[in-house]
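Data block below; observations after.
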Amino acid sequence: MRIGILTGGGDVPGLNPAIQQVTREARDRGWEVLGIRNGWAGLLNINPDDPTSAERHVMDLNRRTTRGIDRFGGTVLHTARLHPDTVREADMPAFLEGEAQYDERRWADMTPHILRVIAHLRLDAIIPIGGDGTLSYAARLHKEGVPVIAIPKTMDNDVQGTDVCIGFPTAITRSIRTVHDIRATASAEQSIGVIELMGRNSGETALMAGHLGSADRTAIAEVPVDAQVLAPLLRKDMSAGGESGAVMVISEGAKLENTLVDETDLPVRTDKFGNKRLGGVGEILARDLSARLDVPVFSLQLAYLMRAGAPVSQDSLIARAFGALAVELLAAGEAARMTVLQDGRYTSVHVSETGKGAAQVDVDSFYDRTAFMPRITRPSIAQSLSF
Ligand code: F6P
């Protein structure tokens, strides 16, 4: 057996332990393991007619080459957000220019080339580690007959079918620490601190960080934030329980309602694939709150620090468990699964589950929209989030 492994999308702590675990488990079975660099872009850039091309985009993975990598965040394989079924002209390698058939948006489906490269590398299966975008291309490859075992990772925790993705525990741990740290400043300055958390259009990061960090208020992406209602609640929080400041968290994907501040102040930024970059809603809300209240309000974006540095223990554990399970599934002859953690149990679902789009917070079960607070009181929460 000869397998390929790649990491796609934003990097998170836990990717390296997953790569290491897959390598060890596979090598122990006598398999070969090829690390594909830069996610799906690695395969796109391999020219089967150029004998030196593969060397630049793949690396041999074994116990020696993966030794010690688990101590660090990021990914030794590097990562990219490219999806081979929608390749922009600017990302097309020169040797493929003649082959690319662009649609009206000037994007091309390069799957036939990817299949040629997989055959050229003599890969029997691929283990892609990624979020929704990376894994939905895994589902496409499965439809084309390539055996795939997907591993979900994203600090946003919005992959359908699993309670937890690699990267989420570290993101929450970093966020909780920030809530506690900022509380001291907010209290000292008798002010309100608004902490904006990444998570795209899912409120999972804000919900869990707000809950576990005991933020005074939590605004999630799924529920519009009416500053007129929120402002007096925060004002009250400032004097509650002997504190003289207040701290709230807000999802970067949250929408504001009835705001006094012109939201067009927010610069509109897109990534190179035309996806809107989020971020800035915390600052708009802070300006709005300070216009309504007679107290200082400051905002801060935790941003990439949520997914920077070494993994916390739970991320290492989940990464290793998913890595080991992925190899076990392949050894058992499976060819279209995604490793998941459901109700505290490591298991797998069909890889097509990733095609269902990004998961969001179950607002009715876990959020109080009038108090702007998580409502995580049922004992089942430990199970339903496996966290
Ligand atoms: O999807 C993971 C994530 O960290 C989001 O929370 C965030 O909005 C986005 O990636 C940032 O993207 P980029 O790494 O392209 O700036």
Checklist entry - Out of (1) in contact (Cβ under 8 Å) with a residue 12 or more places away in the chain; (2) under 30 Å from Ser187 (Cβ atoms), what's the single condition that is false for Arg375? => result (1)
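Each row is one residue, and each column tells you yes or no for (1) aliphatic (A, V, I, L, M); (2) over 19 Å from Ala326 (Cβ atoms).
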| residue | (1), (2) |
| --- | --- |
| Asp103 | no, yes |
| Trp107 | no, yes |
| Thr111 | no, yes |
| Arg116 | no, yes |
| Leu121 | yes, no |
| Asp124 | no, no |
| Pro128 | no, no |
| Ala138 | yes, no |
Item to check | Candidates Ala310, Ala359 - the one that is modelled with pLDDT under 95 and part of a loop (DSSP other than H, G, I, E, B) | outcome: Ala359
Item to check | Test: Leu96 is closer than 17 Å to Gly35 by Cα and modelled with pLDDT of 95 or more | outcome: no
Checklist entry - Restricting attention to the range 235-255, and to residues there that are within 13 Å of Arg183 (Cα to Cα) and in contact with a helix residue (DSSP H, G or I) (Cβ under 8 Å, 6 or more places away or on another chain), which single residue is surrounded by the most Cβ atoms within 10 Å (Cβ to Cβ)? => result Val249
Checklist entry - When residues of the range 311-347 are filtered for being of a type outside the set (A, V, I, L, M), free of Cβ contacts under 8 Å to residues at least 60 places away in the same chain and either in contact with a strand residue (DSSP E or B) (Cβ under 9 Å, 6 or more places away or on another chain) or within 15 Å of Ile151 (Cβ to Cβ) (or both), how many remain? => result 2
Next on the checklist: For the range 30-39, check the following and say yes or no: at least one residue is within 16 Å of the ligand (Cβ to nearest atom) and assigned by TED's automatic domain parsing to the domain that holds Ser313.
Outcome noted: yes
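Does any residue of the range 201-217 turn out to be without any contact (Cβ under 8 Å) to a residue 60 or more places away in the chain, over 24 Å from Gly309 (Cα atoms) and touching a strand residue (DSSP E or B) at 6+ places or on another chain (Cβ under 7 Å)?
Restricting attention to the range 201-217, the residues satisfying the condition of being without any contact (Cβ under 8 Å) to a residue 60 or more places away in the chain are 206, 209, 212-216.
In the following step, the residues that additionally are over 24 Å from Gly309 (Cα atoms) were identified as 216.
In the following step, the residues that additionally are touching a strand residue (DSSP E or B) at 6+ places or on another chain (Cβ under 7 Å) were identified as 216.
Checked the range 201-217: at least one residue is without any contact (Cβ under 8 Å) to a residue 60 or more places away in the chain, over 24 Å from Gly309 (Cα atoms) and touching a strand residue (DSSP E or B) at 6+ places or on another chain (Cβ under 7 Å).
Pick out the one residue from Gly282, Gly323, Gly344, Gly333 that is buried (at least 23 other Cβ atoms within 10 Å of the Cβ) and either more than 22 Å from Val164 (Cα to Cα) or modelled with pLDDT under 95 (or both). Talk me through it step by step, then tell me what you get.
Numbers: Gly323 fails: either more than 22 Å from Val164 (Cα to Cα) or modelled with pLDDT under 95 (or both); Gly344 fails: buried (at least 23 other Cβ atoms within 10 Å of the Cβ); Gly333 fails: buried (at least 23 other Cβ atoms within 10 Å of the Cβ).
The match here is Gly282.
Kindly provide the set of residues from the range 1-29 that are more than 16 Å from the ligand (Cβ to nearest atom) and of a type in the set (S, T, N, Q), ordered by number. Give the steps one after another, and end with the answer.
Our first condition is that a residue be more than 16 Å from the ligand (Cβ to nearest atom); within the range 1-29, this holds for 1-6, 16-29.
Within the range 1-29, Asn16, Gln20, Gln21, Thr23 qualify.
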Item to check | Selection from the range 278-317 of residues that are within 16 Å of the ligand (Cβ to nearest atom) and of a type in the set (S, T, N, Q) | outcome: Gln301
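Checking the structure you have, find out if any residue of the range 83-94 is within 25 Å of Ala310 (Cβ to Cβ), under 25 Å from the mean Cα position of the chain (by Cα) and of a type in the set (Asp, Glu). Step through it out loud before you land on a result.
Going through the range 83-94, the residues within 25 Å of Ala310 (Cβ to Cβ) turn out to be none.
Taking every residue of the range 83-94 in turn, none turns out to be within 25 Å of Ala310 (Cβ to Cβ), under 25 Å from the mean Cα position of the chain (by Cα) and of a type in the set (Asp, Glu).
The values are calculated or read from the model by the stated rules, or taken from the named source; none is laboratory data. This one's a predicted model, so the numbers in the text were calculated from it and none came from an experiment. All Cβ positions, glycine included, derive from the backbone under ideal geometry; neighbour counts span all protein chains shown.
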